[in-house]
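Shown next, in structure tokens, is the structure this report addresses.
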């Protein structure tokens, strides 16, 4: 496919088909949506060899392009990962269907009955990078919540994602739902992304999943509403009234369990009153785990292994085995640091003091506020949502992990009996 005119025509055709499919999904019974997911899961398992063969093409092209080992690991599919995708579809099928659920209802003195009811958003555009499993996750979450989806995966995973889509379409056919309910952009041309961002007549919301450059582009160019987070500069604050052992365990997990995810802690804040008892074992454990530590002057005086932190460090999402450390005078200073340098993603406090915890949890502007647990729990699956399409740090509509419920909006249903307004 070449030429912007051709891409525009193709995207308009995809958009119209998605809008028609979304209308058909509005009244689709839960059983039909669940059948799509279980049949698609079966198809993924049955066609795992074809998916792996398609993935070989993507892996070979990725190696030729010089993708990093981390990127290649995200791209690679094997039997276990395909089985995990299939299990994910089955888990989403087990979730409660949010569509049609009554959020609240009340009766007026004049006899009118008013309900607030969950309804699908309509058509969701998902733009993502190298992970081909997002094709299954995003398509299935959108479908379960009654939405049609237009998926634009990274060029690196084009063959893998296309073969995964075949299984999703097999599920749609088995359940007699329109195949256009889950579509994939059929080109790797970046112009297609630009088209998606301005398709206000057919796309109701865009969800970008990827690195800073992708999300920045989407947020800058989109005329369609966006669910997104730009970065995950997450903090763990260790209060003086806490267990040194618990603090060490939480900080090491929050930083080192998986350093490349958006919920990884990037900055450790610690009370000066806790430094003598808490900080040395934390630094020892981080160092033993292979983490580079960048600290303020006070922390460097405590441990010669600590590298000097620059002002830039407090505003950096490392996505690597690096952490910055700053000492603070109490919870108010910790809250001020988080709100100044954080990205309103996920931030945690470690303390036994309930009043201090409330000051922190209420004071930070984050989408996810954590008490005595690792920031790495910032995940829809861990929240019991089955899966997530992403994490939103915006303050309108969906916030935090975006699961099936967050992919709905609501309408008011008013029932009367011949009522007229005087």
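Read-outs throughout are calculated quantities, based only on the coordinates presented, and are distinct from any laboratory measurement. Computed from a prediction, not measured in an experiment: that's the story for all the values here. No Cβ is skipped: glycine too gets one built from the backbone with ideal geometry, and neighbour counts run over all protein chains shown.
Given a Förster distance of 45 angstrom, what is the FRET efficiency for residue 155 paired with residue 288, based on the Cβ-Cβ distance and rounded to 0.05?
Between residue 155 and residue 288 the formula returns 0.70.
Where the centre of each part is set by its Cα atoms, how far does the range 102-159 sit from the range 358-418, in angstrom?
Using only Cα atoms, the two centres lie 14 Å from each other.
How far apart, in nm, are two points set 7 Å out from the Cα along the Cα-to-Cβ line at residue 90 and at residue 6?
4.2
Per residue and in Å³, how big is the convex hull formed by the alpha-carbon atoms of the range 221-309?
128
Give me 268, 214, 143 sorted ascending by neighbouring Cβ count inside 10 Å, so fewest comes first.
214, 268, 143
Please give the FRET efficiency for residue 216 paired with residue 333, using the beta carbon to beta carbon distance and R0 = 35 Å, rounded to the nearest 0.05.
0.70
Gap in Å between the Cα centre of the range 166-209 and the Cα centre of the range 74-91?
21
Counting each DSSP H run of 4 or more residues in the chain as -39500 (n - 2.57), what helix-only mean residue ellipticity at 222 nm follows after dividing by all residues, to the nearest 500 deg cm²/dmol?
-13500 deg cm²/dmol
Which order results if 322, 282 are arranged by neighbouring Cβ count within 10 Å, fewest first?
322, 282
According to a simple spin-label model (label point 7 Å from Cα along Cα-to-Cβ), what is the distance in nm between residue 277 and residue 27?
Placing both labels 7 Å beyond Cα along the Cβ direction yields 6.6 nm.
If packing is taken as the average number of other Cβ atoms within 10 Å across a peptide's residues, how do 51-57, 61-67 rank, most packed first?
Descending packing order for the listed peptides: 51-57, 61-67.
Between residue 117 and residue 83, how many nm apart are label points set 7 Å from Cα along the C-beta direction?
Once both label points are built, they end up 4.3 nm from each other.
Figure the gain on full extension for residue 179 and residue 421 (residue separation times 0.36 nm, minus the Cα-Cα span) and round it to one decimal in nm.
Extending this stretch completely gives an extra 82.7 nm.
Looking at the chain as a GNM with Cα springs under 10 Å, which of 333, 266, 129 has the largest mean-square fluctuation?
Judging by the Gaussian network model, the answer is 333.
Could you give the angle, 0 to 90 degrees to the nearest 10, between helix 48-65's Cα long axis and the longest principal axis of the Cα atoms of the chain?
60
Indicate the gyration tensor shape class of the chain (rounded, prolate or oblate), computed on the Cα atoms with a ≥ b ≥ c the square roots of the eigenvalues: a/c under 1.5 is rounded; otherwise a/b larger than b/c is prolate and the rest oblate.
Because a/c hits 1.5 or more and a/b fails to exceed b/c, the chain counts as oblate.
So if the hydrodynamic radius of the range 75-125 is defined as the Kirkwood radius over C-alpha pairs, what does Stokes-Einstein give as its diffusion coefficient at 20 °C and 1.002 mPa s, in µm² per second?
In µm²/s, the coefficient is 145.
If a/c stays under 1.5 just call it rounded; otherwise compare a/b with b/c (prolate if a/b is bigger, oblate if not). Do that for the range 234-382, with a ≥ b ≥ c from the square roots of the Cα gyration tensor eigenvalues.
Judged from the Cα gyration tensor, the range 234-382 comes out rounded (a/c under 1.5).
Angle check, please: helix 275-288 long axis (alpha carbons) against the longest principal axis of the chain (alpha carbons), in degrees 0 to 90, nearest 10.
The helix 275-288 is inclined about 60 degrees to the chain.
What do you get for the angle between helix 244-256 and the principal long axis of the chain? Use alpha-carbon atoms, 0 to 90 degrees, nearest ten.
Between the helix axis and the principal axis of the chain, the angle is about 50 degrees.
Taking every Cα atom in the range 124-172, find the radius of gyration and the maximum pairwise distance Dmax, and write them in Å.
Both quantities, over Cα of the range 124-172: 10.0, 29 Å.
Rounded to the nearest 0.05, what FRET efficiency is calculated for residue 397 and residue 72 with R0 set to 45 Å and r the Cβ-Cβ distance?
0.80
From a point 7 Å beyond the Cα of residue 101 in the direction of its Cβ, which residues of the range 386-422 have a backbone N at a distance under 16 Å?
386-389, 398-399, 401-411
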